[in-house]
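What follows is a single structure, written as structure tokens, with notes after it.
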Amino acid sequence: MAGALEGLTVLEFAGIGPGPFACMMLADHGARVIRIDRPSKGARVGDEGQRDILNRNRERIELDLKDPLAIAQIRDLVKQADAIVEGFRPGVMERLGLGPDVLLADNPKLVFGRMTGWGQDGPMAPLAGHDINYIALAGALHGFGQAGGKPQFPINLVGDFGGGGMLMAFGVMAAVFSAQQTGQGQVIDCAMVDGAAILSAMTYTFLGNGRWKDERGVNLLDGGAHFYDTYETSDGKYVSIGSIEPQFYALLLEKTGLANDPEFAPQMDPRVWPKLKERLTALFLTKTRDDWCAIMDGTDICFAPVLSLREAPKHPHNAQRGSFIEDQGMVMPAPAPRFLGTPAPRPSLAGRSKG
């Protein structure tokens, strides 16, 4: 099987973070992705120091974008492509002679994916930034962290990858579908600040309905509730608890020996959450993480151990599903989601030979 996207051709202008992630998603599922690197910049087959999971499954060519012959070669490639993905600041592709007006004239069905932090317009569009800045402006960063503490950013998952790369992959496929129906390509203005905002849609629902305080660490899903949090264990490790529904909360109380404790009865009263969290904090410190796994695994408590990056691939559930794979000695996440009819080919850090 070649994957669900066999027959799709994408040109990727080399970058970092969200653009490569979007193209990894497409390549994982069978798209032919040709990565255009500047000379002597990109990862090379066999260069162990330059292995990059985000660049797996690619064909790769080196072109000097300041060379008119290279620009002509790219325009020839575009004529046979379904989409391009670029992550330059607004205006750079136009100055190279590769703007949307030029490339859509060469190929009217082309999908022109533009990946930026701030978007193609607006007062901040020409400015530099990183994930932490985009999610800050979107309102997302404000919600991460403990009550009374400073915002804590979740690595660069929300801006670069969730709100950036994943949205670009969706955008490419939506625009390709549209081009197939209409014969007309278009530009995708994929901004990480927009993506981080749309990832917050449910939170804005809660806020608009008066079910969310616009502050950190005091709400149902941000660590405010005692039944939806992480707890340290006696060996310095952690477990996660997500017992929101009443039946799951009842199981939590049963397995922790608190089923008959009247203090834990008013589950949804935020006024008692801080005190009950203190009690659970002390309780979870009485056993190791493995002890709690022995008690809570296989139940509907909504429980899982907090695993490290090295531990996660070895967990029996992940191992059975093949959620992680290994190539050239490097452990990496397997392609997702899974297509049962057109499963993704096994990824390779070495890339693919040119077709």
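The values are calculated or read from the model by the stated rules, or taken from the named source; none is laboratory data. The model shown is predicted, which means the values in this text are computed figures rather than measured ones. Positions of Cβ are generated from backbone atoms using ideal geometry, with glycine treated the same way; all protein chains shown enter the neighbour counts.
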Can you tell me which residue is surrounded by the most Cβ atoms within 10 Å (Cβ to Cβ) among those in segment 324-340 that are out of contact with any Asp or Glu (no Cβ under 9 Å at 6 or more places or on another chain) and without any contact (Cβ under 8 Å) to a residue 12 or more places away in the chain? R338
Please work out which residue is farthest from S200 (Cα to Cα), limiting yourself to segment 110-137 and to residues that are in a loop (DSSP other than H, G, I, E, B) and within 16 Å of the chain's Cα centre (by Cα). H130
Reported set for segment 208-226 where residues are over 25 Å from the mean Cα position of the chain (by Cα) and touching a residue at least 24 places away in the same chain (Cβ under 8 Å) is V218, A225, H226
List every residue pair whose Cβ atoms lie under 9 Å apart, where the two residues are 6 or more positions apart in sequence or sit on different chains, the first residue falls within segment 253-272 and is more than 21 Å from T288 (Cα to Cα) and among the β-branched types (V, I, T), and the second residue, located anywhere, is surrounded by 12 or more Cβ atoms within 10 Å (Cβ to Cβ) and modelled with pLDDT of 95 or more. V272/H226; V272/F264; V272/P266
